[in-house]
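> One structure is given below, represented as structure tokens, and several questions about it will come after.
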Amino acid sequence: MNSKTMSKDLFGDKRMGFFIYLFVEAVMFATLFATYLIYTPAPQGPHPSEVFEVKTVVLASIFLLLSSGTLMIAEKGLDRRNIKMILTGLLITFTFGAIFMYFEVHEFYTFVTEGHTISTNNFLSSFYVLVGLHASHVLFGLFWMIVLLIQRKLLPYNLFKEKHKIFNYYWHFVDIIWVGILIIVYIPYLI
Amino acid sequence: MKKLAMMAVLLVLSGCNLRVLDPKSQTASDQAFLIYLSFGIMMFVVLVVTVLFIGFTWKYRETEKNRYDTPKHEEGNRTLEIIWTVLPIILLIGLAIPTVMITYDVSDIGATSDETLHVNVTGEQFRWTFEYENGKQTHKNLVLPVDQEVVLHLTSNDVIHSFWVPKLGGKIDVLPGEENQMKITPNEEGTYQGKCAEYCGTLHTDMRFDTEVVDQEEFQQWLEE
Amino acid sequence: MQFYLFGDLIVLPTDVIAAWVSVIIGAPLVLYWFTKKRYWPVVWDFATSTNHRKIGMLYIIFALLFFFRAGIDALFIRMQLVTAENEFWVFQGDKYNEIFTTHGTMMIFFVAMPLLIGLMNVAVPLQIGANDLAFPFLNAIGFYLFLTGGMIFFAAFFFNAAPNAGWTAYAPLSTYEFTSGPNNNYYIFGLQVSGLGTIFAAINMIVTILRLRAPGLKLTRMPLFPWASLITSFLILVAFPVLAIALLLLQFDRFYGATFFIGEMGHPVYWQHLFWIFGHPEVYILALPAFGIFSDIISNFSRKNVFGYTSMVIALALIGLLGFMVWAHHMFTVGLGPFANTFFAITTMMIAVPTGIKVFNWLFTMRRGVIRLQTPMLFALGFIPTFVMGGVTGVMLASAAADMQYHDTYFVVAHFHYVIIGSTVLGAFAGLYYWYPKMTGKVLDDKLGKWHFWLFLIGFHLTFFPQHLAGLNGMPRRVYDYTWEDGVFVYNFISTIGAFLMGASMLFVLWNIYKTHRTKEENVGPDPWDGRTLEWSVPSPVPEHPFEKMPVIDRRDALWWAKQEGRSLPVADHPRASPIAVRTVQPLVLSAALTILSFGFIYGWVWMQILGGAASLGFFLLRAFNDERTEAYRKEEQDDE
Ligand code: HEM
Ligand SMILES: [Cu+2]
Ligand SMILES: [Cu+2]
């Protein structure tokens, strides 16, 4: 077997597989978007515009969208085999992701204390399921970044690079979903 | 196989008085017509396939003679393929047109006159309630006058049920929080079985009722009782 | 039986007791037998392998076990319905509801799907000249997810909590308000876990087929079973995520007070949309692979190439595409209005066209061939008329106004058994007999195979043909009783006889397997059927990585032509890298973690949910630092320097 091309072949397989997996996730989110559109605004209970808070949404979005940019630093570093860049990129991304999570938790917490819980009405139910699923993806991404930091020390560089790239796709995907959430969930009721 | 075919024929023959094919209203007749039509068209398809199937299997089965033959390579056949694409399309159009027409017909639920009788039908686990315009309520039997248009207003108090009197027409689901309507005009007196046709829980099986179609006078009398 | 345990009154019906007793007696016997025969190393070998043949066999073995379980359920159903006003054992009311729900759900998700995925596992890589599936580890994960989901679902019955809202779990009946026990939680988690496994299997298939084909084996030269597997996998990618979300929403309704499908704000019909957007493609997910199997078998046993190859592929794709545009034909009686109803009626009728094309192509593949009537071919031949009968009732059902009469009656029960058993089950049997040598090195006995076939086919038609008439005579489905006045006794009686014939036929499968493996005959050669496709060029049973010398393909049925010309296939110089195999217990860890997690949710024990969640995360960590590619990559890097 030609070992020179092995990592290339196997990475190609994996990338295709992961893209397909992201497609599966996209279908799941699409179903939730549809659910949200069907149930919002609900015939009774609070209207989205009474519930949403511009400031939190804007801040959360800024940090999450920026984190996709800062991840590019790590990507550049990966190709150049520059460990410093990789670490810098990852750490900044992690921090921004964590800040996003802070705003998410803050938002959910505020809603609940204001009495807007998951069983208040169907708009809120679909909101919590959709945005909650997205938030859990971000949380999983944070966990994954910690794992990556450790993997860098343990794995051969090519394998680490492969795993890092896969993570990058994931993170960008989660960002794109957030854009979808902004457009469908928040913006129509904030303007 | 022979026995099997015999039995199938017998079973089909006994079908003459199957409830669905023994309509007692215009709606049910239309639906029975569609059933016969689609059955006829489809029997034609079954016939063609069966003839080819038996013919080919028999003719080209392995025998001592051809055991070591190598059949000729054959990519396909344009003409044949066009035939068995176009012909089914034509047959299906033949079925689709009456389907569309009758589907629109049976979905027409507006009352045509003031004479029309309105009955509220409520499904709940596990009984029906039929409520007439004068407030009279029954559970086990739905009494209807013959040759008069009836509009049923169907809703459920809990889960989904489905209202079905095979001889009077197809079923319509009975949903919670939403009203479905159904218009029928029974054209023959008699007692017809009614059943719940959407699985609704423990005693779904027992959600039956009788539909008694009686003449006008008898109906008025019954209503005043 | 009733007794007190920790102060709670426990009521155990006799069927549950019978189940426990048989397990308590049966399990030690099996353990003893395995020990005596020294099977444990083999079991361990299979359980920790990532090889496609072994995982495929595991899929099939467990699918067959579940088949017997769900088949026994079917026999109980038939016993209860054997005559009017009957009371068989406990199967009335809720028990009956549990048993048809279990039967249907198991047959679809834990019998039909894994049988097909198992056959894909065994055959697809070999047919395209790949050494394994693209992701062997993921393949093992997929299998264990299926097994875990199946076992969770299976277990429900032992805790007297089998799901009872039908395999369609229509809301609001399936919400907490109307079925508050743990029963339908089993449904949610059984399907959720195994559904994820199915998605992984589909991803694996697609990447394998798109990237791992032997040099020269263009897509247009591929046999039809891989084609069908490819298209099926795409259907899975769209259908199963929708099911996952539907189940998630149902879970929120049941556990967390959401009201998606119930109450003043909820839409019960939305559940039906979601379910059938998944559910209709699902039936094509079951049918298409079987079509692929039949195409290969009919061509092989007629000693002729597939007639109209291109239109066969196009028809597969068209069926797949149209399959997403017809879901509301299950909802003609909901009151969607005549426009929606006629729209879906017409799209449904359109599917008949590509299906018809396939049927005629099969028939013309046989024309001018030499038809060998061995067991796999018999099943293929039985399939054609059976499936056509199911297909034509399908067209009849598509006629929306007429469907208002058929809907939710035994007519529908007859229809879908004709199509599912006609295609999937006959297809799986055909594939099993056909590829059995590739799995085990032995050919199953032809005579017993024929017994199996004839009994099964006759039993099948006896069971399901009369049900059409029962339906037309007004018998709704999912009822545990009927009266003498209903006039459906004869149909039901014949149906029950047929069901027992089918049950008896399955005993021949067991006998056949036993007989085949008892004799210590030599393994058969690579090519017991005089095959046309690549799997018949490698030894039986297939060793791991059989294509180290990767063949170069220059046309369809290349092996056949090579054999005709008395040469062997040329070998490629620089084949692409093969997937890396590994021995691993990690999937077992995931399986345990998800079992804990699921039971935590099913019974609402939060501590257990947390434990299971943590364990699942632990699995990710375990995997993150134990990647079988580490060594290979390290070596590659050293070579580079
Ligand atoms: C082996 C012989 C089989 C027999 C005798 C049998 C019998 C039955 C009967 C009598 C019902 C109707 C239950 C009712 O409506 O009350 C039923 C339902 C069903 N069967 Fe089968 N069946 C068999 C095999 C299969 C297979 C192989 C599959 C699929 C792979 C299957 C899938 C289903 C499904 C999906 C339902 C609907 C369950 C529901 O209503 O929720 N069956 N079966
Ligand atoms: Cu019911
Ligand atoms: Cu369908």
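> Pop the C-beta distance of residue A:112 and residue C:621 into the FRET formula with R0 = 25 Å and round what comes out to the nearest 0.05.
The pair residue A:112/residue C:621 has a calculated efficiency of 0.20.
> So what is the accessible area of segment C:39-640 per residue, in Å², with the probe set to 1.4 Å?
Numbers: 17820 Å² over 602 residues.
For segment C:39-640, the per-residue accessible area is 30 Å².
> Among C:559, C:327, C:39, whose Cα lies farthest out toward the positive end of the dipole of the protein assembly as shown, if unit charges sit on the beta carbon of Lys, Arg (+1) and Asp, Glu (-1)?
With unit charges placed on the Cβ atoms, the residue in question is C:559.
> Note the buried accessible area between C and B here, summed over both chains, with a 1.4 Å probe, in Å² to the nearest 100.
Between C and B, the summed buried area is about 7600 Å².
> So what's the gap between the Cα centers of segment B:169-225 and segment C:440-494, to the nearest angstrom?
Cα centres, segment B:169-225 to segment C:440-494: 31 Å.
> Another question, if that's okay. Sort the following peptides by mean Cβ neighbour count (other Cβ atoms within 10 Å, averaged over residues), highest first: B:84-97, C:359-372.
C:359-372, B:84-97
> From the Cα gyration tensor of segment C:24-106, with a ≥ b ≥ c the square roots of its eigenvalues, which class applies: rounded if a/c is under 1.5, or else prolate if a/b is larger than b/c, or else oblate?
Prolate.
> Each label point is 7 Å from the Cα along the Cα-to-Cβ direction; what then is the distance between the points at residue A:26 and residue B:90, in nm?
For the pair residue A:26/residue B:90, the computed spacing is 4.3 nm.
> Given Cα pairs under 8 Å that are at least 6 residues apart, what percent is the relative contact order of segment C:39-640?
18
> To the nearest 500 deg cm²/dmol, what mean residue ellipticity at 222 nm is calculated for chain C from DSSP H runs of n ≥ 4 alone, each contributing -39,500 (n - 2.57), summed and divided by the residues?
The helix contribution divided over chain C gives -22500 deg cm²/dmol.
> If you roll a 1.4 Å probe over the heavy atoms of the protein chains, what accessible area per residue do you get for chain A, in Å²?
Using a 1.4 Å probe on heavy atoms only, each residue of chain A averages 42 Å².
> Next question, about the same structure. For segment A:37-53, take each phi angle, set θ = phi - 60°, evaluate the Karplus expression 6.51 cos²θ - 1.76 cosθ + 1.60, and give the result in whole Hz per residue in order, putting x for glycine and proline.
Going residue by residue, I get 4, 5, 9, 10, x, 7, x, 9, x, x, 8, x, 5, 7, 9, 5, 10 Hz, with x marking Gly and Pro.
> Report the Cα centroid-to-centroid distance between segment C:322-378 and segment C:217-281 in angstrom, as an integer.
20
> Any idea what the dipole of the protein assembly as shown comes to, in debye rounded to 20, about its Cα centre with Lys/Arg Cβ at +1 and Asp/Glu Cβ at -1?
5840
> Still on this structure, please answer the following. Over all residues in B:97-109, what is the mean tally of Cβ atoms on other chains that come within 10 Å of each residue's Cβ? List each step's numbers first, then the result.
Values: counts 0, 3, 11, 10, 3, 6, 13, 7, 2, 6, 10, 1, 1.
Mean number of neighbouring Cβ atoms from other chains: 6.
> Order A:77-89, C:231-243, C:259-271, C:402-414 from most to least packed using the mean count of other Cβ atoms within 10 Å.
The packing order, highest mean first, is C:402-414, C:231-243, C:259-271, A:77-89.
> Roughly what would the spin-label model give for residue B:120 and residue C:38, points 7 Å off Cα along C-beta, in nm?
7.9
> Within a 10 angstrom radius of each residue's Cβ in C:345-358, how many Cβ atoms of other chains show up on average? Whole number is fine.
Across C:345-358, the average partner-chain Cβ count within 10 Å equals 4.
> About the Cα centre of segment C:534-578, what is the dipole size in debye to 20, counting +1 per Lys and Arg Cβ and -1 per Asp and Glu Cβ, all else neutral?
That gives segment C:534-578 a dipole magnitude of about 120 debye.
> Please work out the C-alpha center-to-center distance from segment B:29-65 to segment B:120-158 and express it in whole Å.
Going from one Cα centre to the other spans 44 Å.
> Dipole size in debye (nearest 20) for chain C around its Cα centre, Lys and Arg Cβ +1, Asp and Glu Cβ -1?
That gives chain C a dipole magnitude of about 1900 debye.
> Going highest first, how would you order C:42-48, B:199-205 by mean Cβ packing within 10 Å?
B:199-205, C:42-48
> Amide H to amide H, which residues 5 or more places from residue C:371 or on other chains are under 5 Å from it, using H placed in the peptide plane?
B:61, B:62
> What residues qualify as long-range amide H neighbours of residue C:133, i.e. H under 5 Å apart, gap of 5 or more or another chain, H built at 1.01 Å from N?
Residues meeting the amide H criterion: C:52.
> Which whole-Hz couplings ³J(HN,Hα) result when phi for each residue of segment C:244-253 is put into the Karplus expression 6.51 cos²θ - 1.76 cosθ + 1.60, θ = phi - 60°, listed in order with x for Gly and Pro?
4, 5, 4, 5, 4, 5, 4, 4, 5, 5
> Just checking the output field for C:308-314: average partner chain Cβ neighbours within 10 Å of each residue's Cβ? Each step should come with its number before you reach the end.
Numbers: counts 8, 2, 3, 5, 1, 0, 0.
So the per-residue partner count for this stretch is 3.
> Considering Cα pairs under 8 angstrom that are at least six residues apart, work out the relative contact order of chain A and quote it in whole percent. Kindly include the intermediate steps, with their values, before the conclusion.
Numbers: 152 pairs, mean separation 57.6, N = 191.
30 percent.
> A further question on this structure: Which one of A:46, A:16, A:140 is farthest out on the positive end of the charge dipole of chain A, using unit charges on Cβ (Lys, Arg +1; Asp, Glu -1) and the Cα centre as origin?
Ranked along the dipole, the leading option is A:16.
> Right, something else. Counting only protein heavy atoms and a 1.4 Å probe, tell me what percentage of the protein assembly as shown's accessible area is made up of carbon and sulfur.
On the way: 26960 of 40560 Å².
For the protein assembly as shown, the apolar C and S fraction of the accessible surface comes to 66 percent.
> Apply 1/(1 + (r/R0)^6) to the Cβ-Cβ distance of residue B:225 and residue C:493, taking R0 = 60 Å, and write down the FRET efficiency to the nearest 0.05. Don't jump to the answer; show the numbers that get you there.
Working: r = 42 Å, r/R0 = 0.70.
Calculated value: 0.90.
> Quick check: from the Cα gyration tensor, does segment B:119-211 come out rounded (a/c under 1.5), prolate or oblate?
Cα axes put segment B:119-211 in the prolate bin.
> If you plug each phi of segment C:48-54 into the Karplus form 6.51 cos²θ - 1.76 cosθ + 1.60 with θ = phi - 60°, what whole-Hz ³J(HN,Hα) values come out, in order, with x for Gly and Pro?
Listing the rounded values in order: 10, 8, 10, 6, 5, 5, 5 Hz.
> Pull out a ≥ b ≥ c, the square roots of the eigenvalues of the alpha-carbon gyration tensor of the protein assembly as shown, then state rounded if a/c is under 1.5, prolate if not and a/b is larger than b/c, and oblate in the remaining case.
oblate
> Moving on. With unit charges on the beta carbon (Lys/Arg positive, Asp/Glu negative), name the residue among C:59, C:290, C:21 whose Cα is farthest towards the positive pole of the charge dipole of chain C.
Of the listed residues, the answer is C:290.
> Which FRET efficiency value, to the nearest 0.05, do you get for residue A:55 and residue C:87 by plugging their Cβ-Cβ distance into 1/(1 + (r/R0)^6) with R0 = 51 Å?
It comes out at approximately 0.15.
> Can you give me the long-range amide H partners of residue B:25? Hydrogens built in the peptide plane at 1.01 Å from N, cutoff under 5 Å, separation of 5 or more residues or another chain.
Those lying under 5 Å, H to H, from residue B:25 are B:187.
> In Å², and per residue, what accessible area does segment B:92-200 have when probed at 1.4 Å with the other protein chains present?
Accessible area per residue, segment B:92-200: 37 Å².
> Moving to a separate point now. Please count, across segment A:48-191, the pairs of lysine residues with Cα atoms under 19 Å apart that sit 8 or more places apart or on different chains.
Close lysine pairs found across segment A:48-191: 12.
> Could I ask something else about it? Which percent, to the nearest 5, of DSSP beta bridges fully inside the protein assembly as shown are antiparallel? Mind showing how you got there, number by number?
Numbers: 31 of 45 bridges.
Here the share of antiparallel DSSP bridges comes out near 70 percent.
> Do you know which residues of segment A:31-75 lose at least 40 square angstrom of accessible area in the protein assembly compared with their chain on its own, with a 1.4 angstrom probe?
Buried by the other chains: A:31, A:35, A:38, A:39, A:44.
> Distance cut-off 31 Å, Cα to Cα: go down the list C:37/C:438; C:304/C:442; B:140/B:183; C:563/C:635 and report the pairs above it.
Listed pairs above 31 Å: C:563/C:635.
The values are calculated or read from the model by the stated rules, or taken from the named source; none is laboratory data. Computed from a predicted structure; not experimentally measured. Glycine gets a Cβ as well: all are built from the backbone with ideal geometry, and neighbour counts include every protein chain shown. Surface areas here come from the heavy atoms of the whole protein model, side chains and all, with no ligands, DNA or RNA. Shrake-Rupley method; radii C 1.70, N 1.55, O 1.52, S 1.80 Å.
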